[in-house]
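Before we start, here is the structure in question, set down as structure tokens.
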Amino acid sequence: MANVVKSAIVQLKWTGDKESMLDAHEQAARDAAAQGTQVMCFQELFYGPYFCQVQDEQFYEYAEAVPEGPITQRFAALAKELGMVLVLPMYELEQAGLLYNTAAVIDADGTYLGKYRKTHIPQVKGFWEKFYFRPGNLGYPIFETAVGKVGVYICYDRHFPEGWRALGLAGAEIVFNPSATSRGLSAYLWQLEQTASAAANMYFVGAINRVGVEPLGDNDFYGTSYFANPRGQFVDGTASDMDEELLVRDLDLDLITEVRNQWAFYRDRRPDMYGPLVAD
């Protein structure tokens, strides 16, 4: 019998306030659960605007402790109610002045399993992230969930193959990459990099992007969220590049073993030859 995991991602527009964003994502999770979803990931900084388009201290107020804060607690209760694994991309407050771009992972029984902190932090026009986030310091954890081994990479991380590989070598079966990325040069890379990373590491990738133009800037977030399989193929196509959309897809985890037996990329790695790649 196939080891199929029904998985969901959702792309939404900024509503204008935090509470309605929280409500919209809760409703999306309920809609996904009604379709039998077992694991779901939201978009980057899911309950706020993409405030990194500007540098303004007022947006520090969106940060909260993880997992002690009210948003993590609210969605942990929802995960338990729905029997669904949830990946929550959060703005994390460790202490005043110590803030991270983080994803909390909640198991299907509501248990908090841990968090990933975004490793690579950009600082370019429209993406002033170093103003808001310290680089992650928790490595590349794998979360043993009710549906299998889940990893997380966040947005700009996707340009760096090392983390994708670290997650695969640690046993990841599904890696979620919640993002906020806009039209322009990245649109081509969006459909290239994450499918290539899925193929190079022979696991599933869930790529999530928001949609719409937000009042803080002119970044046009183009959605096109998708799942890629271990062969680097889209799983039943991508989401719209304009509209809000909930994607629910069946991921057959047995395909991971099949593809790895065919390609054996991990067998043929030569880490003894890679030392210069990580030299200072």
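What follows draws every value from the coordinates through simple rules; no lab data is involved. Computed from a predicted model, the values in this text were never measured in an experiment. With ideal geometry, Cβ positions are generated from the backbone for all residues, glycine too; neighbour counts draw on all protein chains shown.
Taking the beta-carbon count within 10 Å as an exposure proxy, list 14, 263 from fewest neighbours to most.
263, 14
Sticking with this one: For the range 163-280, what does the relative contact order come out to in percent, with C-alpha contacts under 8 Å and a separation of six or more?
22 percent
Follow-up question, since we're still on this one. Short version: ³J(HN,Hα) in whole Hz for each residue of the range 12-17, in order, from phi by Karplus 6.51 cos²θ - 1.76 cosθ + 1.60 (θ = phi - 60°), x for Gly and Pro, what are they?
Residue by residue, the range 12-17 yields 10, 8, 5, 7, x, 7 Hz.
Let me ask something additional. Of 169, 225, 148, which is farthest towards the positive pole of the range 4-272's charge dipole, taken about the Cα centre with +1 and -1 on the beta-carbons of Lys, Arg and Asp, Glu respectively?
Projecting each Cα onto the dipole axis, the largest value belongs to 169.
Using each residue's phi in the range 158-166, evaluate 6.51 cos²θ - 1.76 cosθ + 1.60 at θ = phi - 60° and report the 3J(HN,Hα) Karplus result to the nearest Hz, with x for Gly and Pro.
Those phi angles translate into 4, 7, 10, x, 4, x, 3, 5, 4 Hz.
Residue 73 versus residue 58, label points 7 Å from Cα toward the beta carbon: distance in nm?
In this crude spin-label approximation the distance works out to 2.8 nm.
Go ahead and collect, in residue order, the members of the range 234-264 whose backbone nitrogen is under 18 Å from a label point 7 Å along the Cα-Cβ direction of residue 30.
Residues 245-247 qualify, since their backbone N sits under 18 Å from the label point.
I would also like to ask the following. Counting other beta carbons within 10 Å of each residue's own, what order do 45, 277 fall into, fewest first?
277, 45
So for each of 82-95, 65-78, 197-210 I average, over its residues, the number of other beta carbons within 10 Å; can you give me the resulting order with the highest mean first?
Ranked from most to least packed, the peptides come out as 197-210, 82-95, 65-78.
So between residue 2 and residue 273, what do we pick up on full extension, going 0.36 nm a residue minus the alpha carbon distance?
93.8 nm
Roughly speaking, what is the stretch gain from residue 244 to residue 265, that is 0.36 nm per residue apart minus the C-alpha to C-alpha distance, in nm to one decimal?
This chain segment gains 3.9 nm when fully extended.
Under 16 Å between alpha carbons, and skipping anything fewer than 8 positions from residue 115 in its own chain: which aspartates and glutamates qualify?
44, 64, 68, 92, 94, 107, 144, 157
With θ set to phi - 60° and the Karplus curve 6.51 cos²θ - 1.76 cosθ + 1.60, what are the ³J(HN,Hα) couplings of the range 30-40 in order, to the nearest whole Hz, using x for Gly and Pro?
5, 5, 5, 4, 5, 9, x, 4, 10, 8, 8
Which ordering of 280, 218 is given by a fewest-first count of other beta-carbon atoms within 10 Å?
The order, fewest Cβ neighbours first, is 280, 218.
Now a separate question. Within 13 Å, Cβ to Cβ, of residue 95, how many net charges do the neighbouring residues add up to if Lys/Arg are +1 and Asp/Glu are -1?
Summing Lys and Arg as +1 and Asp and Glu as -1 gives -3.
Further question on the same structure: From Cα pairs below 8 angstrom and at least 6 apart in sequence, can you work out the relative contact order of the chain, rounded to a whole percent?
Normalised by residue count, the contact order of the chain is 20 percent.
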